[in-house]
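For reference, the structure is listed below as structure tokens.
Please treat every number below as a calculation from the coordinates, not as lab data. Since this is a predicted model, take the numbers as computed values, not measurements. Reconstructed Cβ throughout: ideal geometry from the backbone, glycine too, with neighbour counts over all protein chains shown.
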Amino acid sequence: EIGGLMDAEFIGQGWSWAKVVSILEHLWIPVIVIGTAGTAGMIRRLRANMLDELEKQYVVTGRAKGLPPLRLLLKYPFRVALNFFIADIGSMLPAIISGEALVAVVLSLPTTGPMMVSSLQSQDMYLAGSFLMFLATLTVVGVLIEVPVMLWLVRKAFYGRIPFDICQLDTEMELPEVYEFRDMLVKEWNIPLKIELCPPEKDMDQTLPPATRAATRKTEGLRNLMKREKYSGIIAGIRRDEQSMRAKERVFSPRTLDGDWDFKDQPAEFWDQYKTEFPEGCHVRIHPLLHWTEVDIWRYTKRENIPVVPLYFANAEGKRYRSLGEKNITAPIDSKAATIDEIIHELETTKTSERAGRAMDNETEDSFEKLRAHGYM
């Protein structure tokens, strides 16, 4: 027999080596059928993603510069295409548990597949509903399983060398500890850092409030950088929960070449489907952490043991920084959180805004809106 989970003589009997052997003899057919179908589908999706990536400009540039074909394929487009492949893993768990209903019915396997079919035929809404809820739960579990793999892939994507410029807009007004931390990371992580000195405050719009005028220096510094380097995109670490204007942002946010942003005219991003191609005459801001929260940042920092500026931790006077800006427009907050665990606990209970120490956020109601509209990060 090839049907059933085991030979009929072992049904209802206790466990024995003969019963285990019988189960293994019956399982190989459904394993091959279900596994082949699932693997074929995932290979097809991986191939489609690879074909999309191979037409991207960075691959064409790599070929033009003479990179070995196999190295070019595996190091960049394959890793990007693999993200979508890994994302499909979450949907595999319920399919494996259910035994793929059609295969289970044909081979008389006592899995949840035939049970689902039977409940639908007998119009047993309670059993069918419970079955669907169970599969939904398995899908959530599958997603939780794949997330660490995705993060691992992202972390490994640029291992050893970052293939794009890292830029700092420097007003020469950062806190000394920030400069010390920056220099340490540049040296230890081999970061290709470009430092763009921002124009002096006297060249800014003098009608702006003092703190907003000081912050505008970075906006003008970014504009100068964009005009000189002709960057087509900028990756920034902003988050929606930081400030109400940033809550209106998109993951892929188009700007004019001068950096101007019209928050009323943004592309729709439904179900994590992003518009990544834009016409000539604009550049794109990419915000991969847009959906993260402040607590998410600290939890990830703890898990990955990422170094941070010591100013984020409370000192002997009970002060710490939640948001680090220029020393002339940023102030510490009252806090006793001296470790990451204490910071996470504090954030889970506080009602105070992360940017409470930023002076420009407290000057006028539209200060931040004006800054963002003209290119501020």
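At 7 Å along Cα-to-Cβ for each site, give me the label-to-label distance between Tyr300 and Leu46 in nm.
About 2.6 nm separates the two model spin labels.
If amide H atoms are built 1.01 Å from N in the plane of the peptide, which residues on other chains or at least 5 residues away come under 5 Å of the amide H of Gln168?
Answer set, sorted by chain and number: Lys194, Ile195, Glu196.
Taking neighbour counts of Cβ atoms within 10 Å as a proxy for exposure, in what order, fewest first, do Leu311, Leu175 appear?
Exposure proxy ranking, most exposed first: Leu175, Leu311.
Report the label-to-label distance for Lys319 and Lys75 in nanometres (one decimal), using points 7 Å from each Cα along the Cα→Cβ vector.
4.8 nm
Could you list which residues have their amide H under 5 Å from that of Arg285, counting only those 5 or more apart in sequence or on another chain, with H placed in the peptide plane?
Ile234, Ser253, Arg255
Sort Leu67, Leu24 so the one with the fewest other Cβ atoms within 10 Å of its own Cβ comes first.
Listing Leu67, Leu24 from fewest to most nearby Cβ atoms yields Leu24, Leu67.
In which sequence would Thr207, Thr39, Thr350 go, from the one with the fewest C-beta neighbours within 10 Å to the one with the most?
Ascending number of Cβ neighbours within 10 Å: Thr207, Thr39, Thr350.
Residue-wise, which Karplus ³J(HN,Hα) couplings in Hz belong to the range 279-295, taking 6.51 cos²θ - 1.76 cosθ + 1.60, θ = phi - 60°, and x for glycine or proline?
Along the range 279-295, the couplings run x, 4, x, 8, 10, 10, 9, 10, 10, x, 9, 4, 8, 6, 10, 4, 5 Hz.
Would you pull out the residues with amide H under 5 Å of Lys319's amide H, same chain only if 5 or more places away, H placed 1.01 Å from N?
Amide H to amide H, under 5 Å and 5 or more residues apart or across chains, Lys319 pairs with Ser335.
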